[in-house]
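Notes for the one structure printed next.
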Amino acid sequence: MKNDEHAVFTQPGKPFRRFHTEDPILIVEDTKETQVLLQGICKSMEIACVIAKNGVAALELIEKQQFSIFIVDLMMPVMDGRTFIINLKNRLPEAVVLVETALDSSQTIIDIMKLGVFDYIIKPIDPELFQQTVRKAVEFKNLKDMEKNMSLNAGLKIRSQIEWLNYKESRRVADRDYSETKSVYNLKTSLSQGAGFGTMVSLIDIMNSIKTDEGDRYAFSKDIIDMLLDNNNYCRNQLEGLQDVTAIMENNFPLSLSSASDFIDRLPQMVANVTPYLETKDLTLTFPELRTNCDLELNYDKLTLMIEELVINAYKYSVRGSAINMFTYISEGYFWLVVKNDVPEEPYGGVPQKYEKLVMEPFFRLLPPDETAGKIEKFGFGLGLTVVDNIVRKHNGIFLIHDVKDHTGKDIKSCVLAEVLLPLLVKQS
């Protein structure tokens, strides 16, 4: 399901993932009874809050400290909520605002949303609905903060990756014996000529040790034959994947004019073959909300392989019961698509800095293969991120993957960010 602006990090029927915030909520409310009620609800949610009795007092407070979100009553003395919101947005255009109102007419709601607020709360306040609305607002604010921090570091990331790509190209040209394509061909040839996979060899060894000689035939257990056939299908898929890898690495492919909005709209269908398997680890997958459209040159067949691989990679190493989040932004002349997943601290802590480049190299693995992904994984042998890197580069883009620490929850979490940078198409004047 695609998220709208009121459902970041959540899906219908799923629990909310995080609602912690480092900065308190500012509640702008003049009625004492409502102040006490909202303070009590925030306390039960373990979220700090500060009370301002009118808009003037609230504007004075925001000069002194930072707040995560703003809950504003429309009807107040001295300065009403509407005037306060206008002043707030002039100072903090990205402020996330929830409005309290006793008027639930459609025109009133439309007028409220035109102020640039995130959502509204109808009085009298229902504590359960209030909690849900606050959680969504805080999660939305956390996502915005993460995107802002990532955008600030975008230039450094791009320069570092371009330097690495230039180094790789110079090494390839200087060293006649070095070739990614050649190494893939060598492995494919070896497997095709009978070197085989570990499981296949083991099964055949088992069959040889337990075979029953019946004249001109051997008899084997049905279970062994079934396992052999299942593994044969797996081996065929992997060999076909190797063929695809060599084609992707050796050949260019056409790019067609498209847009970021079209790309985002296609994402759910791109991962339709993968998403059913996420349930085995109780994982949720959220899709991005596009805020700014742009023109791109894309090859959707290859991008589908890329997106599938990124989601499979996230699936293999995610914490059970967590979320795989996708989001987008524009920075440094690139459209950024980011796939984020939580990873366990032990024994795997993500992609350490010293391995950020190596994980894109053919056959390099940080961990043994995850057999639970065997039925959906097209590119085994540590080639998945190699494929992603090649597809992105042939879109004239950049691929980055690295660790981050997520501070948006009550506990600091280790995460991996896989970032795909696609160049903006500049229109000729």
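The values are calculated or read from the model by the stated rules, or taken from the named source; none is laboratory data. As the structure is a computational prediction, the values presented were derived from the model and not from experiment. Here Cβ is always computed from backbone atoms with ideal geometry, including for glycine, and neighbour counts include all displayed protein chains.
Tabulated data
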quantity: Residue in the range 263-294 that is modelled with the lowest pLDDT, counting only those that are closer than 20 Å to Trp336 by Cβ and surrounded by fewer than 15 Cβ atoms within 10 Å (Cβ to Cβ); calculated: Arg291
quantity: Output for the range 288-324, where each listed residue is of a type in the set (Ser, Thr, Tyr) and under 25 Å from Gly350 (Cβ atoms); calculated: Tyr315, Tyr317, Ser318, Ser322
quantity: Selection count, the range 51-77, where residues are surrounded by fewer than 17 Cβ atoms within 10 Å (Cβ to Cβ) and either polar (S, T, N, Q) or touching a Pro at 6+ places or on another chain (Cβ under 9 Å) (or both); calculated: 2
quantity: Within the range 19-55, considering residues that are part of a helix (DSSP H, G or I) and in contact with a Phe, Trp or Tyr (Cβ under 8 Å, 6 or more places away or on another chain), the one farthest from Gly81 (Cα to Cα); calculated: Ile41
quantity: Single residue of the range 76-130 satisfying the filter (out of contact with any Phe, Trp or Tyr (no Cβ under 8 Å at 6 or more places or on another chain) and among the aromatic types (Phe, Trp, Tyr)) that is nearest to Ile41 (Cα to Cα); calculated: Phe130
quantity: Residue within the range 104-117 that is in contact with a helix residue (DSSP H, G or I) (Cβ under 8 Å, 6 or more places away or on another chain), under 27 Å from Leu422 (Cα atoms) and at pLDDT below 85 present; calculated: no
quantity: Residue that is of a type in the set (Phe, Trp, Tyr), outside any helix (DSSP H, G or I) and at pLDDT 75 or above, where the choices are Phe399, Phe364; calculated: Phe399
